[in-house]
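Asks: Structure below; questions to follow.
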Amino acid sequence: MGGLAHYLEREGLATTQISLIRIHTEKIKPPRALWVSFDMGRPLGEPNDAAFQTRVLSAALGLLDEKEGPVLKDFPEDAAYMGESGPWACPVNLAVPQEDLGEEGKLIAAFKSEMNQLRNWYDLAVERRGRTTVGTSGIGLDELPDFIGAFLTDALPPNPNPAFHLGHSLNLATDDLKAFYTEAVTAQPGCAGTPDQLGDWFYGQTAAGKLLYAIRDKHARSDDRFLRLVARALLIPSARPQPPA
Amino acid sequence: MARMEHMHEGTRTHLENLPCPAFETTPSVQAPPAGQRRVAIVSTAGLHQRSDRPFGVGSDDYRVIPGDVTANDLVMSHVSTNFDRTGFQQDLNVLFPLDRLRDMARRGEIGGVASYHYSFMGATEPEKMETAARALAKLMKDDGVNVVLLVPV
């Protein structure tokens, strides 16, 4: 990001940026930067909190009034989600008996059942928010479970996007899957969740999360270089290398 | 957490060792007074309109996001899985504060919001975005933009 600031400012445009990784900003020295303490992925901090986001934005734009640069200042507030949070649990019971998840067929069946259970909440979320982030794969929600589930079998699915490698389609499909789960569960009462809580739930408590770990393990040594890359690096966050016990 | 000490060790080590571009000097352009600022957002979150081509591994190009984009038409195809997306999934303004800028313009805190905004996919070496960035600068100036808000992911 700091590099972009340099390039644009050299072309005559005043820039200001939000910084998530302070050590990078210290090295790159862009003209103006506001470091924030929020998670990567949340540069404006708190979802659905216009007042908080505006304070962050005003602070970043306010750096344009500094007389000399480079400027690097720290935003003084943490986002509300970063405070102490109580127990969080998805009210819709998705728990599947562990003995049912060991076999490939049962895991895929549990995954499909889970998506069915969440579908009503997802549809409600879309209606209430007026938006969804699901759809970059171009695969419909009714087809998504079969497409992703097929990667756990010995027969890879047909590629729905001929312009991309099959691995890219898998990457986009699993992003759609994760978005579906988040948008559905956060529509439920009291289920806003912090990034860690939502991540712990998805990767640790759902059949979908377990399926992604299984697909990663199955294709981590694929002969297909791109599929191997997707499996190893783009399905599961590096901070969650193993499924929770 | 964007505080390094709270990050997973592997993530922290990766970020600490990530090469950063070096610049001998830092340029400085004086911004106009607040009420005359026409602001464009440049994101590195891999955002684009729903009908646009998704980003892929190594993408160093950008997508154009019209200023009148609807919330449902803005999607993300960044390849990395190592940042939180749940905030964006609940509220696009958590990483693309278009509504907040519109609010500020209505209140007269800035002069206006650009007709077009732009997104790169940040999992790319910064140097590879330089050519596109310089071309973007001309487009933004033609749009009357005089301030760029850079928002990372």
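The values are calculated or read from the model by the stated rules, or taken from the named source; none is laboratory data. Please read all numbers here as calculations on a predicted model, not as lab measurements. All Cβ positions, glycine included, derive from the backbone under ideal geometry; neighbour counts span all protein chains shown.
Condition check ((1) farther than 22 Å from residue A:19 by Cβ; (2) buried (at least 18 other Cβ atoms within 10 Å of the Cβ)) across all residues:
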residue	(1), (2)
B:102	yes, no
B:110	no, yes
B:120	no, yes
B:125	no, no
B:129	no, yes
B:137	no, yes
B:140	no, yes
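So that you can scan it fast, the table gives a plain yes or no per residue for (1) farther than 23 Å from residue A:42 by Cβ; (2) within 10 Å of chain B (Cβ to nearest Cβ); (3) not aromatic (Phe, Trp, Tyr):
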| site | (1), (2), (3) |
| --- | --- |
| A:192 | no, yes, yes |
| A:198 | no, yes, yes |
| A:203 | no, no, no |
| A:208 | no, no, yes |
| A:213 | yes, no, no |
| A:217 | yes, no, yes |
| A:223 | yes, no, yes |
| A:228 | yes, no, yes |
| A:233 | no, yes, yes |
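Asks: Can you name every residue in region A:1-57 that is more than 7 Å from chain B (Cβ to nearest Cβ), without any contact (Cβ under 8 Å) to a residue 24 or more places away in the chain and not basic (Lys, Arg)?
Replies: Within region A:1-57, A:51 is the sole residue that qualifies.
Asks: While we're here: Any idea which of B:66, B:54 is within 20 Å of the chain's Cα centre (by Cα), in contact (Cβ under 8 Å) with a residue 12 or more places away in the chain and exposed (fewer than 14 other Cβ atoms within 10 Å of the Cβ)?
Replies: So the residue among B:66, B:54 that is within 20 Å of the chain's Cα centre (by Cα), in contact (Cβ under 8 Å) with a residue 12 or more places away in the chain and exposed (fewer than 14 other Cβ atoms within 10 Å of the Cβ) is B:66.
Asks: What are the residue pairs meeting all of these: first residue in region B:102-131, first residue outside any helix (DSSP H, G or I), second residue crowded, with 21+ Cβ neighbours inside 10 Å and of a type in the set (Lys, Arg), Cβ atoms under 6 Å, and 6 or more apart or on different chains?
Replies: Correct list of pairs: B:110/B:37; B:111/B:37.
Asks: While we're on this one: Looking at region B:90-101 only, could you name the residues that are at the interface with chain A (Cβ under 9 Å from one of its Cβ atoms) and either among the small types (Gly, Ala, Ser) or part of a helix (DSSP H, G or I) (or both)?
Replies: Those that are at the interface with chain A (Cβ under 9 Å from one of its Cβ atoms) and either among the small types (Gly, Ala, Ser) or part of a helix (DSSP H, G or I) (or both): B:90, B:92, B:93, B:94, B:99, B:100, B:101.
Asks: Tell me which residues, restricted to region A:15-41, are of a type in the set (Gly, Ala, Ser) and buried (at least 23 other Cβ atoms within 10 Å of the Cβ).
Replies: Result: A:19, A:33, A:41.
Asks: Let me ask something additional. Examine region A:139-150 for a residue that is assigned to a helix (DSSP H, G or I) and of a type in the set (D, E, K, R), and state whether such a residue exists.
Replies: yes
Asks: Just to check your reading of the model, which residue among B:128, B:138 is out of contact with any strand residue (DSSP E or B) (no Cβ under 7 Å at 6 or more places or on another chain), more than 7 Å from chain A (Cβ to nearest Cβ) and under 22 Å from residue A:32 (Cβ atoms)?
Replies: B:138
Asks: Spot the failing condition for residue B:34; the list is (1) surrounded by fewer than 17 Cβ atoms within 10 Å (Cβ to Cβ); (2) more than 7 Å from chain A (Cβ to nearest Cβ), and only one is missed.
Replies: (1)
Asks: Answer with yes or no whether residue B:22 is among the hydrophobic types (A, V, I, L, M, F, W, C) and within 7 Å of another protein chain (Cβ to nearest Cβ).
Replies: No.
Asks: Okay, next question. State whether the residues of region A:76-93 include one that is modelled with pLDDT of 95 or more, in contact with a strand residue (DSSP E or B) (Cβ under 9 Å, 6 or more places away or on another chain) and within 14 Å of chain B (Cβ to nearest Cβ).
Replies: no
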